[in-house]
Amino acid sequence: MVKPASDSSTASAQVSPAGIWAIAIVFAALAGLLFANPWPYQRPYAGAGLVPEWATDTATVRSPKLKPEVTVAGYTYPCSACHKLFPSPSETDRALTQHGEISLEHGINNRCFNCHSRTSRDAFADHRGAAIPYDQPQLLCAKCHGLVFRDWTHGVHGRTNGYWDASRGPLDRQKCIRCHDPHAPAFAAMRPAPGPNTLRMGDTQPDTTHHPAVENPLLIHKQPAESVDPKPGEGH
Amino acid sequence: MTDSGEKSRDDHAAPAGVPGPELTRRGFFSKGSAAVAGGAALAAALSPLRDLTGDNVPSVEEFLQKHYKAMTPEEIQVVLKRIERKVEQRYEVDVSVQDVKPLDGVEFVYALNVSRCIGCRKCVHACVEENNHSRAPEIQYIRVLKMEKGSINVETSDHHYDPPLVPEHDSYYMPVQCHQCAKPPCVKVCPVEATWQEPDGVTVIDYDWCIGCRYCEAACPYWARRFNFADPEIPSGELNPDMTYLSNRPRSKGVMEKCTFCLQRTRQGRMPACVEVCPTGSRKFGNVLDPESEVAYILKHKRVFVFKEDVGTFPRFFYYFDERGSRYHEPLDVVDPGDSA
Amino acid sequence: MRLYFTFLLDCFRLSFVGNWQYHTWMAVLTVISLVGLHAYCQQLVHGLATTGMTDQVSWGLYIANFTYLVGLAAAAAMLVIPVYVYRNMHLHDVVIFGELLAVAVIIMCLLFVTVDLGRPDRFLHIFLRFNFPMSMLTWDVIALNGYLLLNLHICGYLLYAAYRGRQPSKAFYVPFVFVAIVWAVSIHTVTAFLYVGLGGRPFWNSAIIAPRFLASAFAAGPAFIILTLQIVRHYTNHQVTDDALLTLRRIVQVALIINIFLLGCELFTEFYTDSAHVASAQYLYFGLHGHDALVPWIWTAVAFGGVATILLILPASRGLKVLNVACVLAIVGIWIEKGMGLIIPAFVPTPLGELVEYIPTLNEILVCVGIWAFGLLLYTIFVRISVPVLSGEMTWRAESREDTKGGVTLSTATA
């Protein structure tokens, strides 16, 4: 392969002009080839993906008005406007004739007057029946959700927006009902924003859960999927 | 080297190749044409360079620009103005590029509630928008991992989940981004000191100093660093005009970038974009040196863990739990009210 | 001083003189180098997106080749040690080929690092803010460039002395030879530490990587030199004794056995422990979750390494044909193992468990091939020059006698 130096025997130590010409032709051909750029660059990635507006929307998932009001046919009434006329009994098992749109899915908390004041409909009721104003719903939630309330007061549960530095601006601690519907408080499931589509990402991950390399030997993982989930209602 | 070697090869071969009297015109001509052809081949090899646009060729000032830490405040101002001009020229948007210094008595800490994250990925896209990431090729600082319940093994996690609704019942979610380590391996390995830890705990990059060796990317145990493999593309209309030198100004091809806890926001007292957008409030941010801060409370009162504690990087990014996990998978309507009443 | 320039000029001219085979070989290498240069210019324009690398696998073929070549560069030490430490004179006349190889290979290493940079235009930053001693990359810069200078000095001095027809003065090169021996070990160790020091990459974070580096380097390097010497012997009248080749064979043999032993240690630790950290090794050797791009490669490497070792243990490899085969197998096997087998699996899966495979692009491969061709071009020139110089066919005296007619001098050298 490497042929330096003296081949005295072959006596062809020099290259004839024909050889030089051959080299010249090879280089010229190479020049033509490279100028033609036979392997043009092709972008190995797609254009900018579409990201829906809501994906970057900082609004809270709910925006209740924190006022004891109801809007019917374009008119806004305070709750008391109706409830003055029709006072409720203290306990009732009969089906509601009004507010049929409310489907109460708040666990064991299935009585209106656990939260709403029976006597003053423009307020909530605390444990002793005293009024909690509509714009302070967290005090109402705290009646049952003490641990969460404690976390919330320290900003550990729930959203905080605005400024972490109080000297520069307000820290906006979002109230419970900006995320939770009081009548169905489980945080609503939502559509996920688009996943990654990075350079040459290739195929997305296959299902890895049953691959031998990471098979979990615990027997619970061998059970059918349904029975792995805890029984609803257990433990609380 | 190849090139010059090539041309001269033929020049010099002339006297050697055909000794003395045999140095004919014809021999010289053949060698000359070989030299010319060689030169043409060299030019052809270099020909792709004609597509280099002005953006990709550093100007004299850019070439001579000093390291961020070596610049005087006046020099920094000059550089900021130049960057503003360049960005405005390219994107045709009015922007402001500032150099916001770290605040005294501040150490930023991030906490993320694993019990509450629902994996909606809004943080990912808010981050992209705030920090002027390249949209093509796509660069994102935050990866949300869908984890199997009963395990905390990232190897079984899914990065590309796309169900109609999240959260899914059999999973929990663990977003990962730069952990702003107190002992950052990325800083240690950088050969040119293009990346360093600021006094407020944020590891930053001087995008104008990085040589693009990607050693930091290999060193990061959290896969938090990103490289600009191509010229970043940002639609002009989506450019965030509030920029700082060390964080969200547009990057160039061939340099590293990473999460800076949105320095342009957080050094002015605001929350990072990912905290601001998180619909569940799983993301918490603040000055841990302030005992009244949310993050200080979390470290004191919650059960926290750091990801990959065994690599000894002392992250400033903590994951925490609630006393009781979420009840997403527990349909509330089956609870029998009679039992507890 | 003027004489030195004459020397350089003569060397330069000499590199363009040869028979048609030499010219063909050089022309082919030049063509390939230019194609590589073209590919690199594409990369300069469009960025590293022209390579198969991603944020997930952020180092690829460039760094893999770099790693392998660092190993090859230390081969010189393996020739020098027997001669200067153990006074084994079989190798004395061929040491210079090892050192010339080191020079060419280190230049290739530097090129591979340069093409891997995202911003090669900021290369000077390394001198302005040199993160020493924290960054292992700065250590590597010192180690590689230092080794390059040492070998340039040793080769240059020996050749120049021969050119002037003098006996080289030991004081001018023997101390450097000993420094270079230690330095050769250091370039490996430092390059290994480049990877070993990263806690976030368990595949690399193993103390055995550095010794394995040395063992494989001390196999691949001398194997390469055996092949070179065979070629020199075949095409020139430079004296290369069988004993020299057999001494090198012994070195390759021992190094390969140690390499296989260390590989076994590594595999045992990975697979018997079977911790979460086995994922990368699993990917490399058996494939992970259906991703198995490297599996055929690594088993090829293992097979080549195994066959080469067996061949070299067998007495048959004293026959030079068998020896050649064993050397080729060892070189290719170690290229796969040290290059792709060491670099790429560390990135798969990513620290976040994502599996993205790396497939080099054509452009990237062309750049690599171009650098290899350029390195071979350099080495060919070095050997081309040093053979007549060392044999005294091209000397200053010859030069002056022929009344500075370089052409005539050179033609005597080649006649």
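Points worth noting:
- Filter result (in a helix (DSSP H, G or I) and free of Cβ contacts under 8 Å to residues at least 24 places away in the same chain) within the range C:146-184: C:LEU149, C:HIS153, C:GLY156, C:TYR157, C:ALA161, C:LYS170, C:ALA171, C:PHE172, C:TYR173, C:PRO175, C:VAL182
- Figure legend. Inter-residue proximity from the range C:186-209: first residues more than 14 Å from every other protein chain (Cβ to nearest Cβ), second residues assigned to a loop (DSSP other than H, G, I, E, B), beta-carbon distance below 8 Å, spacing 6+ or different chains. Indicated pairs: C:ILE187/C:ALA74; C:HIS188/C:ALA74.
- Flag for B:PRO167 being surrounded by 20 or more Cβ atoms within 10 Å (Cβ to Cβ), on the phi < 0 side of the Ramachandran plot and more than 23 Å from the chain's Cα centre (by Cα): yes
- Residue check for A:THR92: at pLDDT below 85 and either of a type in the set (S, T, N, Q) or under 40 Å from the mean Cα position of the chain (by Cα) (or both): yes
- Here the range B:97-114 is the region considered, the condition is being out of contact with any Leu (no Cβ under 9 Å at 6 or more places or on another chain) and loosely packed, with under 15 Cβ neighbours inside 10 Å, and the residue that is nearest to B:ASP231 (Cα to Cα) is B:LYS101.
- Tallying residues that are within 14 Å of chain B (Cβ to nearest Cβ), part of a loop (DSSP other than H, G, I, E, B) and of a type in the set (A, V, I, L, M) within the range A:51-84 yields 3.
- Within the range C:157-173, considering residues that are under 26 Å from the mean Cα position of the chain (by Cα) and surrounded by fewer than 17 Cβ atoms within 10 Å (Cβ to Cβ), the one nearest to C:ARG384 (Cα to Cα): C:TYR157
Residues checked against (1) surrounded by fewer than 20 Cβ atoms within 10 Å (Cβ to Cβ); (2) within 30 Å of C:PRO351 (Cα to Cα); (3) in contact with a Ser or Thr (Cβ under 9 Å, 6 or more places away or on another chain):
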site	(1), (2), (3)
C:ALA223	no, no, no
C:LEU227	yes, no, no
C:ALA244	no, no, no
C:ASP274	yes, yes, no
C:HIS277	yes, yes, no
C:LEU284	no, yes, no
C:LEU288	no, yes, yes
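- Summed over the range A:153-196, residues that are in a loop (DSSP other than H, G, I, E, B), free of Cβ contacts under 8 Å to residues at least 24 places away in the same chain and closer than 25 Å to B:GLU292 by Cα total 12.
- Number of the condition not met by B:VAL144 [criteria: (1) surrounded by 24 or more Cβ atoms within 10 Å (Cβ to Cβ); (2) without any contact (Cβ under 8 Å) to a residue 40 or more places away in the chain; (3) assigned to a loop (DSSP other than H, G, I, E, B)]: (3)
- Scanning the range C:36-48 for residues that are buried (at least 23 other Cβ atoms within 10 Å of the Cβ) and within 8 Å of B:ALA45 (Cβ to Cβ) yields C:LEU37, C:HIS38.
So that you can scan it fast, the table gives a plain yes or no per residue for (1) modelled with pLDDT under 80; (2) under 25 Å from B:PRO241 (Cα atoms); (3) loosely packed, with under 13 Cβ neighbours inside 10 Å; (4) within 11 Å of chain A (Cβ to nearest Cβ):
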position	(1), (2), (3), (4)
B:PRO21	yes, no, yes, no
B:ALA35	no, no, no, yes
B:LEU46	no, no, no, yes
B:ASP51	no, no, no, yes
B:VAL60	no, no, yes, no
B:TYR68	no, yes, no, no
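- Helices (runs of 4 or more DSSP H) enclosed by the range C:51-139 - at least 2 residues per element that are out of contact with any His (no Cβ under 6 Å at 6 or more places or on another chain), within 14 Å of chain B (Cβ to nearest Cβ) and crowded, with 21+ Cβ neighbours inside 10 Å: C:61-73, C:95-116
- Candidates B:VAL311, B:VAL275, B:VAL306, B:VAL295 - the one that is surrounded by 24 or more Cβ atoms within 10 Å (Cβ to Cβ) and under 24 Å from the mean Cα position of the chain (by Cα): B:VAL275
- The selection criterion, being under 30 Å from C:ASP116 (Cβ atoms), out of contact with any Lys or Arg (no Cβ under 7 Å at 6 or more places or on another chain) and not assigned by TED's automatic domain parsing to the domain that holds B:CYS178, does not hold for B:PRO291.
- Taking residues in the range A:69-82 that are surrounded by 13 or more Cβ atoms within 10 Å (Cβ to Cβ), and partners anywhere that are part of a helix (DSSP H, G or I), the pairs with Cβ atoms closer than 9 Å and at least 6 places apart or on different chains are A:GLU69/A:CYS79; A:VAL70/A:CYS79; A:VAL70/A:ALA81; A:VAL70/A:CYS82.
- Any hit, the range C:367-384, residues being touching a Phe, Trp or Tyr at 6+ places or on another chain (Cβ under 7 Å), more than 30 Å from B:PRO48 (Cβ to Cβ), modelled with pLDDT of 55 or more and not in a helix (DSSP H, G or I): no
- For B:PRO167, the conditions (1) touching an Asp or Glu at 6+ places or on another chain (Cβ under 7 Å); (2) in contact (Cβ under 8 Å) with a residue 60 or more places away in the chain all hold with the exception of (1).
- Failed condition for C:TYR84, given (1) modelled with pLDDT under 95; (2) closer than 16 Å to B:TYR215 by Cα: (2)
- Considering (1) in a strand (DSSP E or B); (2) facing chain C (nearest Cβ under 10 Å); (3) closer than 30 Å to A:GLY47 by Cβ; (4) not basic (Lys, Arg), the lone condition that B:MET243 does not fulfil carries the number (2).
- Of residues in the range C:326-379 being among the hydrophobic types (A, V, I, L, M, F, W, C), touching a Ser or Thr at 6+ places or on another chain (Cβ under 7 Å) and away from chain B (no Cβ under 13 Å), the one surrounded by the fewest Cβ atoms within 10 Å (Cβ to Cβ): C:ILE336
- Once the range B:170-203 is narrowed to residues that are assigned to a helix (DSSP H, G or I) and not aliphatic (A, V, I, L, M), the residue that is surrounded by the most Cβ atoms within 10 Å (Cβ to Cβ) is B:CYS186.
- Some residue of the range B:118-131 being more than 29 Å from B:LEU239 (Cβ to Cβ) and either part of a loop (DSSP other than H, G, I, E, B) or not small (Gly, Ala, Ser) (or both): yes
The values are calculated or read from the model by the stated rules, or taken from the named source; none is laboratory data. Every value quoted in this text rests on a predicted model; they were computed, and no experiment measured them. FYI the Cβ positions are ideal-geometry reconstructions off the backbone, even for glycines, and counts take in every protein chain you see.
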